[in-house]
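Asks: Below is one structure. I have some questions about it.
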Amino acid sequence: MDAATIKIFLVHGTPSGLLTAELSNWSGKAVAAPRNELPQLLKREELSNPGVYLLTGVEPESGDSAIYVGEAENVASRLKQHAVKDFWNAATVFVSKDDNLTKAHIRYLEGKLIRAAIDSSNSLVMNSASSGAKLPESDAAEMDVFLQKALQLLPALGVRDFVVSAQAPTNADNLLYCKIKGLMAKGNRTSGGFTVYAGSQAVLEHRPSAKKIREKRDWLVEKGVLRAADEYLVFAKDIEFSSPSLAAAVVRGGASNGLICWKNSGGRSLKEVEENET
């Protein structure tokens, strides 16, 4: 992505509260707030306009990160209807500063955002279906730029659901490995935690006591990230976990200390590598 300047305005002076955010040379604008400031968010003039919005939080049963993507010609009115959903704890809205978003535009953006969230596999997507919309070629190109800028801004607002993991380094010396029962997974530290790369292997069966890890692994299987291959599971795509220990636990089928389990090609643990770097 191109270099950009982000302008964030803290409406109430607190970084965890209602805020607006803009990027240099972009016609869009983000307005975000935690759920406990929803009344103040709904009063914002921008939310009476067409836009797309994201509701982010945690799925109650699994404890996994969850996201819902929506669109509306009057965002404030639509957000009021989502009070019955209990999973979300923050809302982020994207509107146009020059009022040039139409119904077709926001439906197009919604479809693209849902697909991006599904492809990233970072969160459980709560939408039942993706709408999307066909646009003239020139409009589609313009909305793709709008989308790129929105995705560039989201991590700065604490929304990492769309972050795509960095590709595996080509130099094996820069990789970390987790081995168990003749299986091997490859990964590395990333800005959001720890990424396990496609082609990595994981044990087929989880430990009986590992209820949370079983739920996480089952979800990854359901999403097609983990697939059965002979006597083990294989990662079909790169996926970023919140920590090296969670990544190792998924690979090993139970609670694991990622700082010890992940080792470089020389056999040094991640803990040793990081201690040597500081």
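Asks: What number of residues within region 1-48 are more than 16 Å from residue 91 (Cβ to Cβ), outside any strand (DSSP E or B) and in contact (Cβ under 8 Å) with a residue 12 or more places away in the chain?
Replies: Summing the residues that are more than 16 Å from residue 91 (Cβ to Cβ), outside any strand (DSSP E or B) and in contact (Cβ under 8 Å) with a residue 12 or more places away in the chain in region 1-48 gives 7.
Asks: For residue 124, indicate whether it is under 17 Å from the mean Cα position of the chain (by Cα) and either small (Gly, Ala, Ser) or modelled with pLDDT of 95 or more (or both).
Replies: Answer is no for this residue.
Each row is one residue, and each column tells you yes or no for (1) among the aromatic types (Phe, Trp, Tyr); (2) more than 30 Å from residue 246 (Cα to Cα); (3) surrounded by 13 or more Cβ atoms within 10 Å (Cβ to Cβ).
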site: 7; (1), (2), (3): no, yes, no
site: 11; (1), (2), (3): no, yes, yes
site: 32; (1), (2), (3): no, no, yes
site: 76; (1), (2), (3): no, yes, yes
site: 79; (1), (2), (3): no, yes, yes
site: 84; (1), (2), (3): no, yes, no
site: 88; (1), (2), (3): yes, no, yes
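Asks: Please determine, by comparing only the residues of region 207-250 that are at pLDDT below 90 and among the polar types (S, T, N, Q), which one is surrounded by the most Cβ atoms within 10 Å (Cβ to Cβ).
Replies: Checking each candidate, the answer is 242.
Asks: Looking at 70, 63, which is the one that is touching a residue at least 40 places away in the same chain (Cβ under 8 Å), of a type outside the set (Val, Ile, Thr) and within 30 Å of residue 137 (Cα to Cα)?
Replies: Unique residue meeting the criteria: 70.
Asks: Residue pairs, Cβ under 6 Å, 6 or more apart or interchain, first in region 260-278 and part of a strand (DSSP E or B), second surrounded by fewer than 16 Cβ atoms within 10 Å (Cβ to Cβ) and hydrophobic (A, V, I, L, M, F, W, C). List them.
Replies: 269/260
Asks: Tell me the residue from 207, 189, 214 that is basic (Lys, Arg) and part of a strand (DSSP E or B), please.
Replies: It is 189.
Asks: Take residue 54 and decide whether it is at negative phi, surrounded by 19 or more Cβ atoms within 10 Å (Cβ to Cβ) and not in a strand (DSSP E or B). I'd like the intermediate steps shown before the answer.
Replies: Details: at negative phi: yes; surrounded by 19 or more Cβ atoms within 10 Å (Cβ to Cβ): yes; not in a strand (DSSP E or B): no.
Considered against the rule, which asks whether it is at negative phi, surrounded by 19 or more Cβ atoms within 10 Å (Cβ to Cβ) and not in a strand (DSSP E or B), residue 54 comes out as no.
The values are calculated or read from the model by the stated rules, or taken from the named source; none is laboratory data. Computed from a predicted structure; not experimentally measured. Positions of Cβ are generated from backbone atoms using ideal geometry, with glycine treated the same way; all protein chains shown enter the neighbour counts.
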